[in-house]
Amino acid sequence: MHKAILSLMKHQRFFILLLLIFTVSTVGCSPGHVGGNEIAFLRDGHLWTIDPDGANAFAVFADNNTPVVGYSWSPTHQILSFRTLDADFAKTSAAKHLSSNPITSLPGDLPSTLNTIGIDGGSPIPIIFSNTVLRNSNAWWNTTGSRLIYREEITAAT
């Protein structure tokens, strides 16, 4: 009887080990974005989404006074964070001649507002309001989608 219990425990441990290995291997193969398969892009300062086959282009955010200069997807692929130029800064010659980082193709820290918006559009939710003495980077989501990280730099008022 004692031998039968030991054999059963050995099989049970083996089964748990196999289950653990299977679970770890399938988690490593999971997609990075669970949810939609839309692709986001910027066109003429507006934030758009489109299906991978090129169908269903949709302007998520379009404001001619405050162009979008960067965005990032939430981990669920249902919310976008995006950065718009400060309305006053957008009218300056400096805003018309923005340079991009040669590696990331993103503009640097600028007077801007950080927002979030659902992929179906609607009203953006401001996270950080623009200020003439603050420069903000693009915001990026943490892995759980509960926080945004961004850089904020204070510059001397001109």
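The values are calculated or read from the model by the stated rules, or taken from the named source; none is laboratory data. Please read these numbers as outputs of a predicted model, since none were measured by experiment. Glycine gets a Cβ as well: all are built from the backbone with ideal geometry, and neighbour counts include every protein chain shown.
Listed values, structure above:
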| quantity | calculated |
| --- | --- |
| Every pair of residues 6+ apart whose Cβ atoms lie under 9 Å, when the first sits in the range 42-70 and is more than 20 Å from PRO126 (Cα to Cα) and assigned to a loop (DSSP other than H, G, I, E, B) while the second is modelled with pLDDT of 90 or more and of a type in the set (Gly, Ala, Ser) | ASP44/ALA62; ASP51/ALA57 |
| Subset of the range 112-139 [under 25 Å from ALA57 (Cβ atoms) and surrounded by fewer than 16 Cβ atoms within 10 Å (Cβ to Cβ)] | GLY118, ASP120, GLY121, GLY122, SER123, ILE125 |
| In the range 138-158, the residues that are modelled with pLDDT of 85 or more, out of contact with any Gly (no Cβ under 9 Å at 6 or more places or on another chain) and of a type in the set (A, V, I, L, M) | LEU148, ILE149 |
| Number of the condition not met by SER74 [criteria: (1) over 23 Å from the mean Cα position of the chain (by Cα); (2) at pLDDT 90 or above] | (1) |
| Any hit, the range 86-102, residues being assigned by TED's automatic domain parsing to the domain that holds TYR150, within 30 Å of LEU134 (Cα to Cα) and modelled with pLDDT under 65 | yes |
